[in-house]
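Notes follow once the structure below has been shown.
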Amino acid sequence: MSLRNSVTLITFVCSVIESEAATSNEVSVSLMLAKSYQGEELNSHYLVSEKFDGVRAIWDGTRLRTRGGITLTAPSSFTDQLPKFAVEGELWAGRGNYNQVQKTVLDAIPNDSDWGTITYLVFDELDSLATFEDRYAELLLWKTNAGASAHQIQIIEQLPFQSNAQLKQQLQQVTELDGEGLVVRHKQAVYVAGRSDLLFKIKNHQDAEARVIGYKLGNGKYQSLVGALHVESPSGMRFYIGSGLTDEQRKHPPKLGAEITYRYNGTTENGVPRFARFLRERKVH
């Protein structure tokens, strides 16, 4: 079967078999969002933690939802471990396992065994008027009291630092461990929905989304396979992404119209992402 016919078949099958991730009544959740770090002077008034590459989820005390408002059908063996108050965090299964997490938590029929590999890394408490420093202390107290009964729930460690130079050193350490980056929060910040001037994300690279609009055939060992994805950014910029695709993904590429996440390091004079590399297919959640 030719690549063109294979892609057509893949597109047709994927359009027929839709992933039923969760219940209806999807309403986006208003959350506090981090600004990208642009060299601002940060100091001991802030706390720093690792930025984990998981599925962001909100627990409102009774149900677990994604940022997009999808209610996740987590098993009771997992939700019984959660607190009675609202918290926010990342559903995570270790570095490099994002696809596993996404598949597990968006499955309409939860698999207890798969959910057993998931940890909920909590980084904030919602519906609280306290400062972040006090919210963090409340989370630590809850975890101490919960003990082993909440073994899949962890509170992300928040560490003090003194200078930007120290932050740079910590970023390098996390990057060397294949971590995504850092998050820096002001100790006195109250929880306010929207982009905050008191919350920063720091990474050595940039991530963005694009839509698959075509394919380029490969050469050499990738002959008859996909050599690169032809993608379009939300702004209309079109370019190719070949780096980062596994052999399996070259055989069975994301379908036409699929949203993908790619990683890059700055842009050219024409605005084209430099060193763009495929990271993953982006499911709606």
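Ignoring aspartates and glutamates fewer than eight residues from LYS35 along the same chain, the ones with Cα atoms less than 16 angstrom from its Cα are GLU50, GLU180, ASP197, ASP207.
Each listed q (0.07, 0.10, 0.13 Å⁻¹) maps to a log10 I(q)/I(0) for the chain, found by the Debye formula over equal Cα scatterers with no solvent: -0.30, -0.61, -1.01.
Taking θ as phi - 60° and the Karplus parameters 6.51, -1.76 and 1.60, the scalar couplings of the range 67-80 work out to 4, x, x, 6, 7, 7, 8, 6, x, 4, 4, 8, 5, 5 Hz in sequence order, x denoting glycine and proline. What is the list of residues in the range 102-131 whose amide nitrogen lies under 15 Å from a point 7 angstrom out from the Cα of GLU281, following Cα to Cβ? Correct set: 102-104, 106-107. What you get for the chain, charging only the Cβ of Lys and Arg (+1) and of Asp and Glu (-1), is a dipole of about 1040 debye around the Cα centre.
Does the range 217-285 classify as rounded, prolate or oblate by the C-alpha gyration tensor (a ≥ b ≥ c root eigenvalues; a/c under 1.5 gives rounded; else a/b over b/c gives prolate, otherwise oblate)? Taking the square roots of the gyration eigenvalues as a ≥ b ≥ c, the range 217-285 is oblate. Take the Cβ atoms of GLU176 and THR267, set R0 to 25 Å, and the FRET efficiency comes out at 0.50.
Across the range 112-139, the residues whose backbone nitrogen lies under 16 Å from the label position 7 Å along the beta-carbon direction of GLN154 are 116-124.
Helix-only mean residue ellipticity at 222 nm, the chain, DSSP H runs n ≥ 4 weighted -39,500 (n - 2.57), per residue, nearest 500. What is it? Before the final figure, lay out each step's value.
Working: 7 runs with 63 residues, N = 285.
-6000 deg cm²/dmol, from helical runs alone.
The HN-Hα couplings worked out from phi for the range 85-94 by the Karplus form 6.51 cos²θ - 1.76 cosθ + 1.60 (θ = phi - 60°) are 10, 7, 9, 9, x, 10, 7, 9, 9, x Hz, whole numbers, x standing for Gly and Pro.
In terms of its C-alpha gyration tensor, the range 80-201 comes out oblate, because a/c is 1.5 or above while a/b does not outweigh b/c. Annotation: lysines with alpha-carbon distance below 17 angstrom to LYS143 (same-chain offsets under eight excluded): LYS84.
Each value in this text was obtained by applying a stated rule to the coordinates, not by laboratory testing. Quantities reported herein were computed from a predicted structural model and do not represent experimental measurements. Cβ coordinates were reconstructed from backbone atoms using ideal geometry, including for glycine residues, and neighbour counts include every protein chain displayed.
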